[in-house]
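Peer 1: Have a look at this one before I ask anything.
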Amino acid sequence: MAYWLMKSEPSVFGIDHLIDRKVALWDGVRNYQARNFLRQMQKGDLAFFYHSNCEVPGIVGLMRIAKEGYPDPTQFDPEHKYFDPKSPADNPRWTGVDVEFVEKFSGTLSLADLKTLPELAELALVRKGNRLSLMPVSEEQWQVMLALCQRA
DNA sequence: GCCAACGTTGGC
DNA sequence: GCCAACGTTGGC
């Protein structure tokens, strides 16, 4: 089983949306590095839900990968913001996964706090200029973050 | 294949 | 809302 961190803007899709839906398609990833990580995800993997581009960016909850990578349907929808006219129908360019709500923490483990943790120095999230929207988390990193989240 | 222009991300 | 950082596009 692997661990991940996935970012989303709460004004678009936040942890409360996932609570309402229980299971949702994680769509709209249009970056190849992030897509490749999506394709590595396996059912049962755990992921932190991270709120980006908001008042207090940080980790707010926990979810589980409920369905492994499959073609993101929004890439074929001309009406959709994430439509990609260049994606071949017989070899879809973009992947989505289904995620399932697990837990919402009582507080936010903020990016500012995460940046102070020496164990996370190698995590893409806290490295200068990094905009990767989802990334793998090592078991050690996961344990450090989870302990702080559950205390928060 | 280079690289300038452009668009997007996301912290602040 | 600003803007730095970075990815992508497309002319050459």
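Peer 1: May I ask you to give the solvent-accessible area per residue for chain A, in square angstrom, as obtained with a 1.4 angstrom probe? Mind dumping the intermediate values first?
Peer 2: Values: 8250 Å² over 152 residues.
That works out to 54 Å² per residue.
Peer 1: List the residues, sorted by chain then number, that are 5 or more residues from A:Asp84 or on another chain and whose placed amide H is less than 5 Å from its amide H.
Peer 2: Excluding prolines and chain starts, which carry no amide H, the hits are A:Phe76, A:Asp77.
Peer 1: Let me ask another. Would you mind checking A:Lys22/A:Lys128; A:Lys7/A:Lys128; A:Lys43/A:Lys104; A:Lys22/A:Lys43; A:Lys104/A:Lys128 for any pair whose Cα atoms are more than 24 angstrom apart?
Peer 2: On the way: A:Lys22/A:Lys128 34 Å; A:Lys7/A:Lys128 16 Å; A:Lys43/A:Lys104 20 Å; A:Lys22/A:Lys43 15 Å; A:Lys104/A:Lys128 28 Å.
Cα-Cα > 24 Å for A:Lys22/A:Lys128; A:Lys104/A:Lys128; rest within.
Peer 1: Now a separate question. Go ahead and estimate [θ] at 222 nm for chain A from helices alone: -39,500 (n - 2.57) per DSSP H run with n ≥ 4, summed, over the residue count, rounded to 500.
Peer 2: On the way: 5 runs with 37 residues, N = 152.
Calculated from helices alone, the mean residue ellipticity at 222 nm is -6500 deg cm²/dmol.
Peer 1: I've got another one for you. Going from the alpha-carbon gyration tensor of chain A, what semi-axes, largest first and in whole Å, does one get by taking the root of 5 times each eigenvalue?
Peer 2: On the way: eigenvalues 137, 51, 44 Å².
Ellipsoid half-lengths, sorted descending, are 26, 16, 15 Å.
Peer 1: Near A:Arg93, within a Cβ-to-Cβ distance under 10 Å, what is the net charge of the other residues, with Lys and Arg +1 and Asp and Glu -1?
Peer 2: Working: positive: A:Arg30, A:Arg35, A:Lys86; negative: A:Asp72, A:Asp84.
Summing Lys/Arg as +1 and Asp/Glu as -1 gives +1.
Peer 1: Going by accessible area, probe 1.4 Å, with all protein chains left in place, what is the ranking of A:Tyr50, A:Tyr3, A:Tyr70, largest first?
Peer 2: Numbers: A:Tyr50 10, A:Tyr3 35, A:Tyr70 55 Å².
The residues order as A:Tyr70, A:Tyr3, A:Tyr50, largest area first.
Peer 1: While we're looking at this one, here's another question. Helix A:139-151 versus the longest principal axis of chain A: what angle, 0 to 90°, nearest 10, using Cα atoms?
Peer 2: Rounded to the nearest ten degrees, it is 70.
Peer 1: For the stretch A:1-45, rounded, prolate or oblate, judged on the Cα gyration tensor with a ≥ b ≥ c (square roots of eigenvalues), a/c < 1.5 rounded, else prolate if a/b > b/c? Don't skip to the end; give the middle numbers.
Peer 2: Numbers: a/c = 2.25, a/b = 1.35, b/c = 1.67.
Note, shape of the stretch A:1-45 comes out oblate.
Peer 1: First select every other residue whose beta carbon is under 15 angstrom from the beta carbon of A:Gly107; then total the charges, Lys and Arg +1, Asp and Glu -1.
Peer 2: Here the count lands on -2.
Peer 1: Tally up the carbon and sulfur contribution to the accessible surface of chain A as a whole percent, 1.4 Å probe, everything protein left in place. Mind dumping the intermediate values first?
Peer 2: Details: 3960 of 8250 Å².
Answer for chain A is 48 percent, counting heavy atoms of protein chains only.
Peer 1: Here's something else I'd like to know. What residues qualify as long-range amide H neighbours of A:Trp26, i.e. H under 5 Å apart, gap of 5 or more or another chain, H built at 1.01 Å from N?
Peer 2: For A:Trp26, whose amide H was placed from the backbone, the distant partners under 5 Å are A:Val97, A:Asp98, A:Val99.
Peer 1: May I pose another question? Please work out how much accessible surface A:Asp27 shows to a 1.4 Å probe, ignoring ligands, DNA and RNA, in Å² rounded to 10.
Peer 2: 60 Å²
The values are calculated or read from the model by the stated rules, or taken from the named source; none is laboratory data. Since the model is a prediction, treat every value here as computed from it, not as a measurement. No Cβ is skipped: glycine too gets one built from the backbone with ideal geometry, and neighbour counts run over all protein chains shown. All accessible areas refer to the heavy atoms of the entire protein, side chains included, with ligands and DNA or RNA removed. Shrake-Rupley method; radii C 1.70, N 1.55, O 1.52, S 1.80 Å.
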